Amino acid sequence: MVTRSKYQCRNVTGSLFNKGVFKQVVGVVMSGEAGKTLVQRSLLLLFCAFAVIYCSLFFSQVLPNNPGIRRADIWGVLLDQVLLTDNSGTAAETVQNDASSLTSQNASFASRLLQRQKVIGSSLLLLFFAWGCGRAIERALLQGRSGLLWSERLVIQFGTGLSLLSLATLFAGLAGKLSPAMILLPAGLIAIVAAVYGRKSAGNQRQADDGLPPVVPLSFWLRVVLTSGAVIYGSYLLTGAMSPPTDFDVREYHLQGPKEWFLDGRIHYLRHNVYTSFPFHTEMLSLAGMVISGDWWTGAISGKLVLGTFSLLTSLCVYSIARRHAGLVPAILSTLIHLTTPWTMRIALIAYAEGALTFYLALTVMLCLIKEDGIDAVGARYRWLFLIGLMAGSAMACKYTGLVNVILPCVLLLCWRVVRIAVEGPPDVQRLRLSRIVRQLMVLGTGILVTVGPWLARNFADTANPVFPLAYSVFGGPEWSTDVDVRWKAAHGPSERDVWQIPRHAMDAAVRNDWTSPLLFAFLLPSLVMCRHSKTLTTIWLLVLWQFGIWWGFTHRIDRFWIPVIPLLSVTAGWAWHASETRIWRRSCITIIAVCTVFNLRLCTLPLVGFHAGLMDFEAARQIPIRSDFRFLNERLPKDSHVLMVGEAQVFDANFQVTYNTVFDDNIFEEWTRSDAPSFGEHGVTHVMVNWFEVLRYRVPGSYGYCEYVQPSRFEKLVEDGWLSEPMVLMSRPVDSFSTQELELMRSWAGYDSINISGQINGIMLYEVIR
């Protein structure tokens, strides 16, 4: 009889049932001659059939965000390229043309790379100082006795270093001292201390492979292929991270907030942009890039490149979790699955906070899953808990949802571990263990407060609410109101909580989402079955269910809010390698993974995933996302112009001074025009631009809502009274391009006829301030 390994979980079906005839029939080991039984073959067939049926369903879907394209069209593109055939006249032609529109411009590799040397240099400088700072913290807390893998040490170093670099930028900005020295000096000093302190702890190293699954030897050529593939794909991802921002949220606040602070030379409360009151861990890295570069545009792209590294670091966390608990081959497969998931590429192209949030979730889970017996002494355990707290707090410092995504499950997991050990131990140990629960939670909480506390304190000082704009009913505050709070909750919460709709929502995330990977769920069945043999795998699946519950029950279910669960699903998928040692299962796994990886890689090179500028001319790439109206204003307006934006908050591309407000902030246009004498001149405003398209988008039923004071008749009156000039139309659309609902809504506006000229809706108009 073959003994079941605690890492490889070979006896999957042997413990499914443990009584009666079931034990006699299926209580066999899945290897050797026993694996040839009918029951074992049937179970393997079920695993393979599930994967094939799921993948078939997956590839038959139409992309929800690109309704003219099916996933089968992308396969058509692949076949055309392999067979050198033409498939014109189909939806695949659109995909093919989109793919070639950018790659045709990627000539002259060296010259285009030199155009980005300042971006790359600034990013490398930030990453180097973050690594040095993180290395110091890692050595101080672990003192070389934790027996960690190289990959585990590296993600800890970058995780702590980037978090503290972000905090250093925050403190420098709050003090009005935004300079390279004030941002990098703290990290440099800590790195120097680490170099000295590291010599003392160097002799305390433990073997990193103690207690790890046995290493499966890989051939030299396989290592070359895997390494080369990772380097090439990672380089493609990072060049994409240097693409100009295209997403609305990024250009409204993720980069616009740091831009305003950089231009002002300090961090201060922006009452016209409520989103800048969120915890801004990742945005501080963009601000640091601006300070190092001395330019807001170059620095923004440097920050995006730094944020792109979070995707690679998350893949390294996935490798670390799987390598420690499942073995080398599952680790390689899990990393491949995560790295080639289109969401991983997309989140690197777009400077969303979810990229860093996902990394800190994966890092915190990695730390929590390392058993306490890997820590030598009680003091080391407390330092380990403090480190976990630092990482969990960093997740919340990226986004408020880190509280429920990371901190709460982390606390529950650690409490369960302490209680379980206490209950299972002898009475004296029980009393000792139970007495430590409070102390351990205090240590964990201290670490959390170190990284997220400054953001809460900053909000409290600005708004009297540490989690502004959330929890208004608890904290109140003068910067918010009940009416706005109701609108906010309606816009940022689920529209319904019908439990009967859960399967549909799960299918939306697992099958119909544009940028998910079939590999995340293709091995769901064997992975769930293997939970019977691995407490670690069970814990990971419980965390997956927790994340899905949070996504379903507390958010407005935007697809990108599902991103933090992808590393966990990647680990569960790679773990399925151990469902059986039979040749048929292993070959089936490799075949499915290879086929789906080819599809994912091709999809990741298409604009469907996001704007990947590659190595286009840098200035030409910069102009592509800029709307024609902003491009016109950048070129035509005098340099000293000051434009009041009405309805428009996506102002990152403006090269002139702007005043604006987001949809949830007090309307500045209303404040300045309520009196008989508008106060444009008092605030130095030279022009007013109104975007009726955005006003319409906000006012459509089910959207955020928009200030009713803003009507076309208001602008007519200001023109008649001589405050504003006749408008210049910057953008218009035919009436028949709007839906019936949109037209009815616009017709209800006072002065609608002034924006409907000869069947054209003048949606974006510019007025000059006369007096």
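Observations on the model:
- Val643, Val225, Val700, reordered so the largest accessible area comes first (probe 1.4 Å): Val225, Val700, Val643
- Taking every DSSP beta bridge that has both ends in the chain, the antiparallel portion is near 70%.
- For segment 295-395, the gyration tensor built on C-alpha atoms gives an oblate shape. Its axis ratio a/c (a ≥ b ≥ c) is at least 1.5, and a/b is not larger than b/c.
- Option label - Rg and Dmax of the Cα atoms in Å computed here, alternatives (1) 26.9, 93; (2) 28.1, 95; (3) 25.9, 80: (2)
- For the chain, the solvent-accessible area works out to 42 Å² per residue, with a probe of 1.4 Å and every protein chain left in place.
- Share of carbon and sulfur in the accessible heavy-atom surface of segment 533-606 [1.4 Å probe, %]: 72 percent
- Local electrostatic count at Ile626 - Lys and Arg +1, Asp and Glu -1, tallied over other residues with Cβ under 10 Å: +2
- Anisotropy class of segment 553-631 from Cα gyration tensor, a/c 1.5 cut: oblate
- Apportionment of accessible area to carbon and sulfur, segment 625-771, percent (1.4 Å): 47 percent
- Global form of segment 490-630, assessed from the alpha-carbon gyration tensor, a/c cut-off 1.5: oblate
- Angle between the chain longest axis and helix 296-325 axis [Cα atoms, degrees, rounded to 10]: 20 degrees
- Compared with the dominant Cα axis of the chain, that is its longest principal axis, helix 427-463 is turned about 20°.
The values are calculated or read from the model by the stated rules, or taken from the named source; none is laboratory data. Computed from a predicted structure; not experimentally measured. Quick reminder, even Gly has a Cβ in these numbers, built from the backbone with ideal geometry, and neighbours come from all protein chains shown. Surface accessibility is based on the protein's heavy atoms, side chains included, excluding ligands, DNA and RNA. Shrake-Rupley method; radii C 1.70, N 1.55, O 1.52, S 1.80 Å.
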